[in-house]
Amino acid sequence: MALKFDTGFDPNYGRGVSVAPGVQRITVRNPSPFTFHGTNSYVIGRDALAVVDPGPDDEAHLQTLLEVIAGRPVSHIFVSHTHRDHSPLAARLQERTGATVLAEGPHRPARPLHIGEINALDASADTGFVPDIALPDGELVEGDGWAIRTILTPGHTANHAAFALEGTGILFSADHVMAWATSIVAPPDGAMADYMASLDKLIERGDRLLLPGHGGPVTAPRSFMRGLKTHRRMRERAILERVRAGDRTIAAMVKAIYRDTDPRLHGAAGLSVLAHLEDLVARGLVETEAAPAIDGIFTPR
């Protein structure tokens, strides 16, 4: 059965939307092929609040957040990862609220760069971000009427985290699981092996509702994530088939596998293919003369 994505999302720019008891979603007006209609921020609580993913450094979004906060104290700002559409506004929101900023840690690649490798994702990374508190896996942070547990989910980035609203079955899944599309896993910032392991970790949790970083909620998480896992395995098989058919470069594989994809996304698709090839090389299924690279030559083993 094909994985079905839900693209029927209304961002309701400029206001808070109640998505669960005590949870409001505010969507930034930063639509793109990579952000869908925009980045979702979440305000949690009734009296003293928490904010998950304040978003990009956008003045209009800051003002909307402050309107939704409506003068109530904000004790914590949780940041899922350090892409520029999620973390930069944390500093300004902290200035206005005095909240503590929490995240897994600063931005870092999932692996060291190879000799001569240029990180194509540098422009998207918020390399200046440093949280006040670094969150380990399983850490529980309690606020006024709410508690949030950190679930580390590396893959999309090395420092990606999801946040579970304890006792509700709600998980803020950020960019790891989204209803509208698959997550981009692009080396060196991301790693496919990490992503798949994190996906299994969330499947085992059994949450009832996922609130992602872009688009609408995932209302049947376990079956949807199993579909995502199958989708990734199918993509892996397609890449193996292209290698065995004689494709030796990522450009050739992207041309064949992503022929129906928006050409603006072909660069990201190439990095996704690289992520799969890194994993396939590590598992001994594909060979390359040097370390796997976007311009490398790949052969079947």
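As an exercise: evaluate G267 against (1) in contact with a Lys or Arg (Cβ under 8 Å, 6 or more places away or on another chain); (2) closer than 18 Å to L121 by Cα; (3) among the small types (G, A, S) and give the number of the one condition it does not meet.
(1)
What pairs come up if the first residue lies in region 224-248 and is closer than 21 Å to V177 by Cα, the second is charged (D, E, K, R), and their beta carbons are under 8 Å apart, counting only those six or more places apart or on different chains?
Correct list of pairs: G227/K4; K229/D200; E236/D279.
Within region 206-216, which residues are farther than 20 Å from F34 by Cβ, of a type outside the set (D, E, K, R) and modelled with pLDDT of 95 or more?
L209
Could you list, in sequence order, the residues of region 195-212 that are more than 19 Å from G169 (Cβ to Cβ) and crowded, with 22+ Cβ neighbours inside 10 Å?
Y195
Sort out which residues of region 135-170 are out of contact with any Pro (no Cβ under 8 Å at 6 or more places or on another chain), surrounded by 14 or more Cβ atoms within 10 Å (Cβ to Cβ) and among the small types (G, A, S), and write them in order of number.
Selection gives G143, A147, G155, A161, A162, A164, G169.
Within region 45-80, can you find the residues that are surrounded by 20 or more Cβ atoms within 10 Å (Cβ to Cβ), touching a residue at least 40 places away in the same chain (Cβ under 8 Å) and out of contact with any strand residue (DSSP E or B) (no Cβ under 7 Å at 6 or more places or on another chain)?
Listed by number, the list holds a single entry, G45.
Considering G38, G22, which residue is touching a residue at least 40 places away in the same chain (Cβ under 8 Å), assigned by TED's automatic domain parsing to the domain that holds T127, within 26 Å of S124 (Cα to Cα) and not charged (D, E, K, R)?
Selected residue: G38, the only one of G38, G22 that is touching a residue at least 40 places away in the same chain (Cβ under 8 Å), assigned by TED's automatic domain parsing to the domain that holds T127, within 26 Å of S124 (Cα to Cα) and not charged (D, E, K, R).
Contact list please: Cβ distance under 6 Å, first residue in region 115-131 and modelled with pLDDT of 80 or more, second residue of a type in the set (K, R) and surrounded by 15 or more Cβ atoms within 10 Å (Cβ to Cβ), pairs at least six apart or on different chains.
Taking only residues 6 or more apart or on different chains, the pairs are S124/R84; D126/R84.
Report, by residue number, each residue of region 179-212 that is in a loop (DSSP other than H, G, I, E, B) and of a type outside the set (A, V, I, L, M, F, W, C).
Correct list: T182, S183, P187, P188, D189, G190, G206, D207, R208.
Which pairs have Cβ atoms under 8 Å, sit 6 or more apart or on different chains, and link a residue in region 91-106 that is closer than 16 Å to L49 by Cβ to one that is among the β-branched types (V, I, T) and part of a helix (DSSP H, G or I)?
Every condition considered, the pairs that remain are T97/I69.
Surrounded by fewer than 20 Cβ atoms within 10 Å (Cβ to Cβ), in contact with a helix residue (DSSP H, G or I) (Cβ under 9 Å, 6 or more places away or on another chain), hydrophobic (A, V, I, L, M, F, W, C) and outside any strand (DSSP E or B) - does that describe any residue in region 23-35?
yes
Collect the residues in region 187-224 that are among the β-branched types (V, I, T) and closer than 21 Å to S272 by Cβ, keeping them in residue-number order.
Within region 187-224, I203, V218 meet the criteria.
When you scan region 267-284, how many residues do you find that are surrounded by fewer than 16 Cβ atoms within 10 Å (Cβ to Cβ) and either touching a helix residue (DSSP H, G or I) at 6+ places or on another chain (Cβ under 8 Å) or at pLDDT below 90 (or both)?
2
From the residues in region 285-301 that are more than 26 Å from the chain's Cα centre (by Cα) and outside any strand (DSSP E or B), which one is surrounded by the fewest Cβ atoms within 10 Å (Cβ to Cβ)?
Ranking the candidates gives E289 first.
The values are calculated or read from the model by the stated rules, or taken from the named source; none is laboratory data. Worth saying up front: this structure is predicted, and the values here are computed from it rather than measured. Note that each Cβ is placed from the backbone with ideal geometry, even for glycine, and that neighbours are counted across all protein chains shown.
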